[in-house]
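Colleague: Starting off with a structure, shown below.
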Amino acid sequence: MASRRVFPCLIALAMLLVAPAAAQAKKIVYGSDLTAPADIVEAHGADSVFWNISLANGGATAAPAGGQVVSVRVKGIVLPDPTGRKTPTTMMHFQTLRQLPDGEMAVWLSSGPFYTPLGGDSQQINTYHPINMCVHKGDHLDFSDIGGNEWWWGNYSGMPFQTFSRVAGSSINFYTKDAGTMNGSHWRPMLTKQGEELLMQMTLATGPDATWICPGGYAQHIHRGVYFRRSAQLSGNEARVRVTCPWPSYGKCHGTITGRAKVHGRQVTLGKGRFTALHGWSTWVYVPLPPPAVKAAGHGGLHALFTAVSHDDPRHDSRDRWPRQTPVQTRTNSATLTVAP
């Protein structure tokens, strides 16, 4: 009888323990409100970083809590060379900056590469989704471009990023050095520009909305398996199946594909094909077919259920800051495809 009384109490206690964590989970938008026009150009020949240190609207410029920056919105473009002779690679990154006790700024973490639009609507807003972009409370997120002195034109010494605005009451910090803004580098801002705003806005996830490797986060990265193309091709005595490893997957998708089908009312088991595909890439997988299935596929098509069992590979993905701590995940996906010549 005692155990019956204790069990409901344990459930109630667990609910009390979980409820505050769920209540604390939220996404926080901070940085520029993006209402000012993109009307200032920054163009420097060497790698350059910019970050807001004050905003006219009183908004936060540093991370208000520890967590994961899941999206970054940037307003503006790279101005194109009007002659068309220069076609730059408009690469940029986002970086976690942390102030050191001596006042220097340290680059703690860099995102993968992103690209600012070249030309088009100068007031367009684009959203970027960095992977595992962790911040501690008080960290800044900077906008880091690669300079691009080889793509200078007119009076610009590098790629002209028109992603800034003239705003009274706002100010940004700036630093530039060739190959001097990489992870682990630390330096003092070269210049504070008053009346200028970086048109960049961040969304910060916390608690269960943030990956577990970020401060205060405990959501696990999810491997979603592979995607099938809608049909398969008959190639000799094999089914040629196209699968895609999604970009968010860590490393590569490794796995096998098996299948089954009905031929003249009888269940037929197909063979097994193995595959490896880099995240964001597709590959062909060859699944052996028994003779009855080959004959059916060649005469009107074979309707078969294919099943892929795959796992990711966090140890070989630079986007994962702690790959040896991130567990490998396995996922099963199925699709009914028609195999035909």
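Colleague: Give me the residue from region 110-132 that is modelled with pLDDT of 95 or more and hydrophobic (A, V, I, L, M, F, W, C) and, out of that set, nearest to ARG188 (Cα to Cα).
Modeller: Restricting to residues being modelled with pLDDT of 95 or more and hydrophobic (A, V, I, L, M, F, W, C), the top hit is PHE114.
Colleague: Go through (1) within 21 Å of the chain's Cα centre (by Cα); (2) within 13 Å of SER48 (Cα to Cα); (3) not hydrophobic (A, V, I, L, M, F, W, C) for ASP139 and report which single condition fails.
Modeller: It is condition (2) that ASP139 fails.
Colleague: Continuing with the same structure: Quick check: anything in region 170-189 under 24 Å from TYR128 (Cα atoms) and either of a type in the set (Phe, Trp, Tyr) or without any contact (Cβ under 8 Å) to a residue 60 or more places away in the chain (or both)?
Modeller: yes
Colleague: Across region 62-105, which residue is farthest from the chain's Cα centre (by Cα) among those that are buried (at least 21 other Cβ atoms within 10 Å of the Cβ) and over 29 Å from GLY119 (Cβ atoms)?
Modeller: MET105
Colleague: List the strands (runs of 3 or more DSSP E) that sit entirely inside region 120-201 and contain at least 3 residues that are small (Gly, Ala, Ser).
Modeller: 161-176
Colleague: Working carefully through the options THR276, THR336, find the one that is in a strand (DSSP E or B), farther than 23 Å from HIS221 by Cβ and either hydroxyl-bearing (Ser, Thr, Tyr) or in contact with a Lys or Arg (Cβ under 7 Å, 6 or more places away or on another chain) (or both).
Modeller: Within the list THR276, THR336, the selection yields THR336.
Colleague: Among the residues of region 106-136, count how many are surrounded by fewer than 13 Cβ atoms within 10 Å (Cβ to Cβ) and either touching a His at 6+ places or on another chain (Cβ under 7 Å) or within 19 Å of ILE172 (Cα to Cα) (or both).
Modeller: So the answer is 1.
The values are calculated or read from the model by the stated rules, or taken from the named source; none is laboratory data. For clarity, every value in this text was computed on a predicted model and none was experimentally measured. Note that we place each Cβ from the backbone using ideal geometry, even for glycine, and neighbour counts take in every protein chain shown.
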